[in-house]
Amino acid sequence: MRPANVALTPDMRHANLDSAGITLSGICLVHCLALPLLATLLPAAGTLLDEETNHLIHWTLLGIALPVSILALGRGSRILGSFAWLITGLVGLGLMTAAVIVPHSPVMEERMTLVGVLLLATAHLGNWFDPRRRAVAGH
């Protein structure tokens, strides 16, 4: 924890956004992987969340992920002078959005979401640990 009289630098705020993006990606992964596993192991568990509730969860997580990720990855691209992580993240967000919007089978929705979340998490991790960011910040 930082002392109360120390202000957050732009680099610290940027790291906080990437940290939030990584956390959201982790929540998405747990949601996407745990529910099918739970439904497989416990047949009754599949009835706990109906299709409409599951869809609402996807919309909610996407609604949180979009602004956090675009802001974090956008700032990162300005700091780094590179759009690689932003493009990777946008592809992931695009897959996640298509999984929610485009009608298709639940299996396809799950696959698109997982690939999208993995790309987005990779982008946030790359953005956070990119050595160019440390050089720009003077570390």
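Numerical summary
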read-out	value
Of the criteria (1) more than 17 Å from the chain's Cα centre (by Cα); (2) at pLDDT 85 or above; (3) buried (at least 17 other Cβ atoms within 10 Å of the Cβ), which one R133 fails	(2)
Of all residues making up the range 86-97, the number that are surrounded by 15 or more Cβ atoms within 10 Å (Cβ to Cβ) and over 10 Å from L120 (Cβ atoms)	2
Output for the range 24-52, where each listed residue is hydroxyl-bearing (S, T, Y) and modelled with pLDDT of 70 or more	S25
Residues satisfying the stated conditions in the range 69-85, i.e. open to solvent by 30 Å² or more (accessible area, probe 1.4 Å), touching a residue at least 24 places away in the same chain (Cβ under 8 Å) and within 15 Å of T122 (Cα to Cα)	A84, W85
Residue check for W85: under 16 Å from L29 (Cα atoms) and of a type in the set (F, W, Y)	no
L56 open to solvent by 70 Å² or more (accessible area, probe 1.4 Å) and touching a residue at least 12 places away in the same chain (Cβ under 8 Å)	no
Neighbours by Cβ (under 7 Å, 6+ apart or cross-chain): first from the range 8-27, open to solvent by less than 40 Å² (accessible area, probe 1.4 Å); second small (G, A, S) and modelled with pLDDT under 75	D11/A137
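The values are calculated or read from the model by the stated rules, or taken from the named source; none is laboratory data. Model, not experiment: these values are computed from the prediction. Ideal geometry is used to build each Cβ from the backbone, glycine not excepted, and the neighbour counts take in all protein chains shown. Surface accessibility is based on the protein's heavy atoms, side chains included, excluding ligands, DNA and RNA. Shrake-Rupley method; radii C 1.70, N 1.55, O 1.52, S 1.80 Å.
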